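See structure below.
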Amino acid sequence: MKKFENASAYLANSFAGLRQHTLLAWTLFGQVGLGSLQGSPELLSLAWADEWQLYKTFAALLRKLGSDETESNHAIKALKLLTTQHDWYRQVGNQTTAEIVKSWLTVPEILDFLHVNRFEDVLWYDHDAMLDFAWWMTMIAYLDAEMNPQATSSSSSEVLMGAYTLLQEILQADESSEYQIEKLLDLLKV
């Protein structure tokens, strides 16, 4: 029960302001492609939101609400992350944490969110972005479980605790990785 309380507190303590606005925007237009029978609904949602200038409109709204341009751009990245990764926890199966992270590093929206870049032949990521990424991935796994019509409070709680545990393991490795992708992966393989 303590793990559930920790996971719940982790989400609740940081759920304010910009995160609330971003989550609301995702519920409104982050899933517009899910009703389509053609292609990837996630990619269709991204394309339609871009084509209809929903990201631009959302960023302008955030600026009117007091966010600066950097915060608005980060919220757009989070919105795209939520759109493409809403079902990530259902997809991981029996993969190890290192395998999950490796697969995430092939997703353009995740690379962009984490500010992955190469400098002197080393792949780096942004520590603060990783902290935010862990929060969003925990939240979206829980919301995805809650949105399942067959979900029970027990099954949703299990998803929350599982996602929280996995992402806390990643954050623990993050502390010793010196923000290098290769070191992060090596630490997760141990």
statement: Simple spin-label estimate for Glu158/Leu131, 7 Å along Cα→Cβ, in nm, reads 3.3 nm
query: How long is the gain from Asn117 to Gln168 if the chain were fully straight, where each residue apart is worth 0.36 nm and the alpha carbon distance is subtracted?
result: 16.1 nm
query: Applying 1/(1 + (r/R0)^6) with R0 = 30 Å to the Cβ-Cβ distance of Ala12 and Gln38, what FRET efficiency is obtained, to the nearest 0.05?
result: 0.20
query: For the chain, what does -39500 (n - 2.57) per DSSP helix run (n ≥ 4), summed and divided by total residues, give at 222 nm, in deg cm²/dmol to the nearest 500?
result: -22000 deg cm²/dmol
- request: Starting with the fewest neighbours, write out Glu120, Glu158 ranked by other beta-carbon atoms found within 10 Å of each beta-carbon.
  value: Glu120, Glu158
Cα-Cα pairs of region 2-189 separated by more than 19 Å (percent): 61 percent
- prompt: Using a Gaussian network for the chain with springs between C-alpha atoms less than 10 Å apart, which of these wobbles most: Ala78, Ala163, Ala47?
  reply: Ala47
query: Between Glu69 and Asp87, 0.36 nm times their residue separation minus their Cα-Cα distance comes to what?
result: 3.6 nm
- line: Across Gln38, Gln95, Gln180, the residue with the highest GNM fluctuation in the chain (Cα network, 10 Å cutoff) is Gln38
message: Springs between alpha-carbon pairs under 10 angstrom, Gaussian network model over the chain: which of Gly17, Gly39, Gly162 fluctuates most?
response: Gly39
field: Derived scalar couplings ³J(HN,Hα) [region 150-160; Karplus, 6.51 cos²θ - 1.76 cosθ + 1.60; whole Hz; x for Gly, Pro]
entry: 8, 5, 10, 4, 5, 5, 5, 5, 4, 5, 4
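Read-outs: derived from the displayed coordinates by stated rules, not from any lab. Model, not experiment: these values are computed from the prediction. Positions of Cβ are generated from backbone atoms using ideal geometry, with glycine treated the same way; all protein chains shown enter the neighbour counts.
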